[in-house]
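Here is the structure we will look at, set down as structure tokens.
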Amino acid sequence: MFKKILIANRGEIALRIIRACKELGIKTVAVYSEADRDSLHVRYADEDVCIGPGEAGKSYLHVPSIISAAEITDAEAIHPGYGFLAENAHFSEICESCKIKFIGPSSDTIRKAGNKSMARKVMMGAGVPVIPGSEGDIKTEEQALEIANKIGYPVIIKAAAGGGGKGMRIAHTEISLTNALMSTKAEANAAFGSDEVYIEKYIEEPRHIEVQILADKFGNVIHLGERDCSIQRRHQKLLEESPAPGLPPDVREKICAAGLNVARTVNYVSAGTVEFLMDKYFNFYFIEMNTRIQVEHPVTEIVAGVDIIKQQILIAADKKLSFKQEDIKFSGHSIECRINAEDPDNNFMPSPGQITTYSAPGGPGVRVDSHAYQGYIIPPYYDSMIGKLIVKENTRLEAIKRMERALDEYIIEGIKTTIPFHKKILSNASFQGGKFNTGFISTLTNDE
Ligand code: ADP
């Protein structure tokens, strides 16, 4: 087993990983930027190393600083969390060549899954349903028009290297397609360093359902059920839950089996997530595989009774999974709300600054994963998520009630947060009835 792990991340996920390490008896090294000097992850870790100024490019994304920090502290492994370097194949390769274990799949797997267009091709070959669309990179307008005419409008143009809900555009007509093609390529190039794009049929009113996978290096692959992540604003998740409401048991079984098939097809080893879109007739299609821990992993931990981060670390240490599929017993319903420092009344504008008053909710079935505290100053450099509120109850309606109660208890003053917006979602009759899709939020806001 590892004796010491460096966490190449910040915020709530750094805390989450430190907690798992402590319980496994592993020492931890925090890295931090100058803007995060007073962060909880620095306080909770056994050792800490400053890796540069506030800008992520000079700190959390700066590979040489992170590798040096691991070397001077004798960390044997690096946990990348999510975001930053978590899906950077080059970084994992450098770790491999420095004999530092990257906690995640091999660089080869990251590279293959990271090109979403290539991943589509591989899955088609394995008999996994994928959304009709192009077979690879779209280079010319003619190519784009030909494919769109074949599959029918609307279509969505997506950056092959895209992520985080960015680098996507919908086109309803030939004119909007030709316009969107060039702008998506330019945006993809600027954001992801590659202008490779592909085209998919735009699925109307889909749900986003994803399957959590654990796979060890001995060929044991299991799933921990599904999550519904349809509550999104501009393709970014805001609220997630498990199990997905209203899925017929046979559909649930099929989508989890498809998740296993995807993981086996790429010889996956680590914790990972297979994402699908589902139409209103319960047809589902593979969209991508995420090769890292995800923000929304706690809802699965709660209903499946498995600590996914501990398992991810054990798998990286070449341990065999200590349980089988039939040992996983799902119970109850879990919901997670992402608490972002954003102003929902002002187009979700980031609201950095100092938290003047902070009091987190508690009581039965409530979990708070957050690095926020009273007096904490939210730096302007990073993601606006300051925490996650997760609840468990026996049924979905009871879980909604519990979440409403916990949100009422959550006191955060000095900045704006998404708490009032979550209350709006939870009190909505369609949400409560489980009748929603990825367009739900735009019905509550004035978004396009
Ligand atoms: P990212 O890697 O940026 O998260 P995804 O490919 O996972 O991108 O898509 C993110 C979200 O965008 C999906 O959950 C869904 O809401 C929307 N989306 C993506 N592809 C389609 C599609 N073909 N039809 C409709 N919506 C889509």
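Screening the candidates Ser351, Ser427, Ser442 for the property of being modelled with pLDDT of 95 or more, farther than 24 Å from Pro243 by Cβ and among the polar types (S, T, N, Q) yields one hit, Ser351.
Could you list all residues from the range 136-163 that are outside any helix (DSSP H, G or I) and either aliphatic (A, V, I, L, M) or over 17 Å from Ser117 (Cβ atoms) (or both)? Across the range 136-163, the qualifying residues are Ile138, Gly152, Tyr153, Pro154, Val155, Ile156, Ile157, Ala159, Ala160, Ala161. Put simply, of Glu135, Glu87, Glu55, Glu47 the only residue that is closer than 26 Å to Gln311 by Cα and surrounded by fewer than 18 Cβ atoms within 10 Å (Cβ to Cβ) is Glu47.
Applying the set (1) hydrophobic (A, V, I, L, M, F, W, C); (2) within 14 Å of the ligand (Cβ to nearest atom); (3) part of a loop (DSSP other than H, G, I, E, B); (4) within 30 Å of Pro420 (Cβ to Cβ) to Leu277 leaves exactly one unmet item: (3). Residue by residue through the range 257-271, note down the ones that are buried (at least 22 other Cβ atoms within 10 Å of the Cβ) and in contact with a His (Cβ under 9 Å, 6 or more places away or on another chain). Residues satisfying the conditions are Gly259, Ala263, Ala271. When we screen Gly167, Gly219, Gly193, Gly163 for residues that are of a type outside the set (A, V, I, L, M) and in contact (Cβ under 8 Å) with a residue 40 or more places away in the chain, the only hit is Gly163.
Counting only strands (runs of 3 or more DSSP E) wholly contained in the range 335-413, the ones carrying 1 or more residues that are touching a residue at least 24 places away in the same chain (Cβ under 8 Å), farther than 17 Å from Ala14 by Cβ and acidic (Asp, Glu) occupy 385-393, 411-413.
Does Thr273 satisfy being β-branched (Val, Ile, Thr), out of contact with any helix residue (DSSP H, G or I) (no Cβ under 7 Å at 6 or more places or on another chain), at pLDDT 95 or above and not assigned by TED's automatic domain parsing to the domain that holds Gly167? The answer is yes for Thr273. Note on the range 194-241: residues that are over 27 Å from Ser183 (Cα atoms) and near the ligand (Cβ under 10 Å from one of its atoms) amount to 3.
Can you confirm whether the range 158-177 contains a residue that is under 21 Å from the mean Cα position of the chain (by Cα), near the ligand (Cβ under 9 Å from one of its atoms) and closer than 30 Å to Asp318 by Cβ? Checking the range 158-177: at least one residue is under 21 Å from the mean Cα position of the chain (by Cα), near the ligand (Cβ under 9 Å from one of its atoms) and closer than 30 Å to Asp318 by Cβ. In the set Ile222, Ile213, only one residue is buried (at least 22 other Cβ atoms within 10 Å of the Cβ) and over 14 Å from Asn290 (Cβ atoms); that residue is Ile222.
The values are calculated or read from the model by the stated rules, or taken from the named source; none is laboratory data. For clarity, every value in this text was computed on a predicted model and none was experimentally measured. Note that each Cβ is placed from the backbone with ideal geometry, even for glycine, and that neighbours are counted across all protein chains shown.
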